[in-house]
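Chemist: Input: one structure, supplied below.
The values are calculated or read from the model by the stated rules, or taken from the named source; none is laboratory data. Quick caveat, the model's predicted, so the values are computed rather than measured. Backbone-built Cβ (ideal geometry, glycine too); neighbour counts: all protein chains shown. With ligands, DNA and RNA removed, areas are computed over all heavy atoms of the protein, side chains included. Shrake-Rupley method; radii C 1.70, N 1.55, O 1.52, S 1.80 Å.
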Amino acid sequence: MQTLRNTVRSFLSTNNSAVIFIQRKGLKVYNPPVKIENVEYPEKNKLKIMEKVPQYPSNLRPFKMQKKLRLMRGLETIHNTLLHKQYGIVATGGGRLKYGHFEMIRMTLLRNFDFNNIFAIWRVDAPWQPVTKKSQGSRMGAGKGSIDHYVTPIKPGRVIIEVGGDIQYFQVEKVLKDIAAKCPFKAMAVSQEILDKMAKKEKQEEENNLNPWTWKYIIQNNIGGCHNWISPFDKLWYTKYV
């Protein structure tokens, strides 16, 4: 304080013009928190523990199946909207969820939230598709390998989890983004507002497109004989979901 007074005195002694210092304390005014009403809470507000192995009746033995990559290709047409119209994680690429991924999602939410006024629900089934694997060093042949683990196939556009309650998006955004980054496929944290903006933007781009040579037009009209070299899935989704 003494140094500041000496500096002011020396400045006033060398300048003829009068200088007035007014000390003011800054005051920040924040908007009041938004109260979210009309929230329908589920019966259990925490994510349940998924079964690592599906339970079959005693008269059935666990079955094996092919890879069935079609379960991960194309667009999800059913579970692609938020039921509670709040927040969640949506897959933007196809893949498979293992039991470890389910536990990662569940424990990450438990460590970051106390679930007093919020909830989280699964939007995917427990692992059900068997994945076989042969023992290391075994030779080719001798039939299909034994079941190693179970997975849940995911299509692009599938909602993985939903989070809601008396909470705003900025409070859950970081946690949801961390979970999405750890998923074995491309995913993103979304809110209902973000989904509405994405749907509106996609519709505007489709309506205002001035280029008639779209992939849909090229594939439907077999321009350049593209049907001879494109994938059968490109004929369905027009190269949108690879």
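Chemist: Suppose we keep only residues that are of a type in the set (Lys, Arg) and closer than 15 Å to VAL175 by Cα within segment 96-111. Which one would you say is most open to solvent (accessible area, probe 1.4 Å)? Full working, then the answer.
Modeler: Looking only at segment 96-111, we keep the residues that are of a type in the set (Lys, Arg), and these are 96, 98, 106, 111.
Then keep just the ones that are closer than 15 Å to VAL175 by Cα; that gives 106, 111.
Numbers: ARG106: 32, ARG111: 177 Å².
Only one residue tops the list, namely ARG111.
Chemist: Scanning segment 221-234 for residues that are polar (S, T, N, Q) and surrounded by fewer than 12 Cβ atoms within 10 Å (Cβ to Cβ), which turns out modelled with the lowest pLDDT?
Modeler: To start, the set of residues in segment 221-234 that are polar (S, T, N, Q) comprises 221-222, 228, 231.
Among the residues that remain, those that are also surrounded by fewer than 12 Cβ atoms within 10 Å (Cβ to Cβ) are: 221, 228, 231.
Details: ASN221: 94, ASN228: 94, SER231: 88.
Looking at residues that are polar (S, T, N, Q) and surrounded by fewer than 12 Cβ atoms within 10 Å (Cβ to Cβ), I get SER231.
Chemist: A follow-up question, please. Pairs under 6 Å by beta carbon, first residue assigned by the TED database to the domain that holds LYS177 in segment 79-94, partner open to solvent by 70 Å² or more (accessible area, probe 1.4 Å) and modelled with pLDDT under 95, six or more apart or different chains?
Modeler: GLY94/ARG73
Chemist: Pairs, please: C-beta under 9 Å, at least 6 apart or cross-chain, first residue in contact (Cβ under 8 Å) with a residue 24 or more places away in the chain and in segment 31-53, second surrounded by fewer than 13 Cβ atoms within 10 Å (Cβ to Cβ)?
Modeler: ASN45/ASN116; VAL53/PRO62
Chemist: Is it fair to say ILE218 is without any contact (Cβ under 8 Å) to a residue 12 or more places away in the chain, open to solvent by less than 80 Å² (accessible area, probe 1.4 Å) and in contact with a helix residue (DSSP H, G or I) (Cβ under 8 Å, 6 or more places away or on another chain)? Walk me through how you get there before you give the answer.
Modeler: Working: without any contact (Cβ under 8 Å) to a residue 12 or more places away in the chain: yes; open to solvent by less than 80 Å² (accessible area, probe 1.4 Å): yes; in contact with a helix residue (DSSP H, G or I) (Cβ under 8 Å, 6 or more places away or on another chain): yes.
The answer is yes for ILE218.
Chemist: Does LYS182 satisfy the criteria of being in contact with a helix residue (DSSP H, G or I) (Cβ under 9 Å, 6 or more places away or on another chain), open to solvent by 90 Å² or more (accessible area, probe 1.4 Å) and within 23 Å of GLY94 (Cβ to Cβ)? Spell out the reasoning first.
Modeler: On the way: in contact with a helix residue (DSSP H, G or I) (Cβ under 9 Å, 6 or more places away or on another chain): yes; open to solvent by 90 Å² or more (accessible area, probe 1.4 Å): yes; within 23 Å of GLY94 (Cβ to Cβ): yes.
Considered against the rule, which asks whether it is in contact with a helix residue (DSSP H, G or I) (Cβ under 9 Å, 6 or more places away or on another chain), open to solvent by 90 Å² or more (accessible area, probe 1.4 Å) and within 23 Å of GLY94 (Cβ to Cβ), LYS182 comes out as yes.
Chemist: Kindly evaluate ARG139 against the criterion of being without any contact (Cβ under 8 Å) to a residue 12 or more places away in the chain and not assigned by the TED database to the domain that holds LYS46. Full working, then the answer.
Modeler: Details: without any contact (Cβ under 8 Å) to a residue 12 or more places away in the chain: yes; not assigned by the TED database to the domain that holds LYS46: yes.
In short, yes.
Chemist: Answer with yes or no whether LYS216 is outside the structural domain of GLY74 (by the TED database), under 23 Å from MET72 (Cα atoms) and assigned to a helix (DSSP H, G or I).
Modeler: Numbers: outside the structural domain of GLY74 (by the TED database): yes; under 23 Å from MET72 (Cα atoms): yes; assigned to a helix (DSSP H, G or I): yes.
Spelling it out, LYS216 is indeed outside the structural domain of GLY74 (by the TED database), under 23 Å from MET72 (Cα atoms) and assigned to a helix (DSSP H, G or I).
Chemist: So which residues in segment 104-122 are of a type in the set (D, E, K, R) and in contact (Cβ under 8 Å) with a residue 24 or more places away in the chain, if there are any at all?
Modeler: First pass over segment 104-122, keeping only residues of a type in the set (D, E, K, R): 106, 111, 114.
The answer is ARG106, and nothing else.
Chemist: Hey, does segment 116-129 have a residue that's at pLDDT below 95, outside any strand (DSSP E or B) and open to solvent by 40 Å² or more (accessible area, probe 1.4 Å)?
Modeler: Yes, there is a match, as at least one residue in segment 116-129 is at pLDDT below 95, outside any strand (DSSP E or B) and open to solvent by 40 Å² or more (accessible area, probe 1.4 Å).
Chemist: While we're on this one: State all residues of segment 58-101 that are outside any loop (DSSP other than H, G, I, E, B) and within 13 Å of PRO153 (Cα to Cα); if no residue qualifies, say none.
Modeler: Hits for segment 58-101 are LEU69, ARG70, LEU71, ALA91, GLY95, ARG96, LEU97, TYR99, HIS101.
Okay, residues lined up against (1) in contact with a Leu (Cβ under 8 Å, 6 or more places away or on another chain); (2) surrounded by 15 or more Cβ atoms within 10 Å (Cβ to Cβ); (3) in a helix (DSSP H, G or I); (4) not assigned by the TED database to the domain that holds ARG61:
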| residue | (1), (2), (3), (4) |
| --- | --- |
| HIS149 | no, yes, no, no |
| VAL163 | yes, yes, no, no |
| PHE170 | no, no, yes, no |
| LYS174 | no, no, yes, no |
| LYS177 | no, no, yes, no |
| MET188 | no, yes, no, no |
| GLU193 | no, no, yes, no |
| ALA199 | no, no, yes, no |
| LYS203 | no, no, yes, no |
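Chemist: Which one of the conditions (1) touching a Lys or Arg at 6+ places or on another chain (Cβ under 7 Å); (2) closer than 30 Å to LYS133 by Cα; (3) in a loop (DSSP other than H, G, I, E, B) does MET104 fail to meet, given that it meets all the rest?
Modeler: With (1) touching a Lys or Arg at 6+ places or on another chain (Cβ under 7 Å); (2) closer than 30 Å to LYS133 by Cα; (3) in a loop (DSSP other than H, G, I, E, B) applied to MET104, the lone miss is (3).
Chemist: Could you say which residue among GLY88, GLY93, GLY74, GLY141 is farther than 25 Å from MET198 by Cβ and open to solvent by less than 90 Å² (accessible area, probe 1.4 Å)?
Modeler: Testing whether each residue is farther than 25 Å from MET198 by Cβ and open to solvent by less than 90 Å² (accessible area, probe 1.4 Å) leaves just GLY141.
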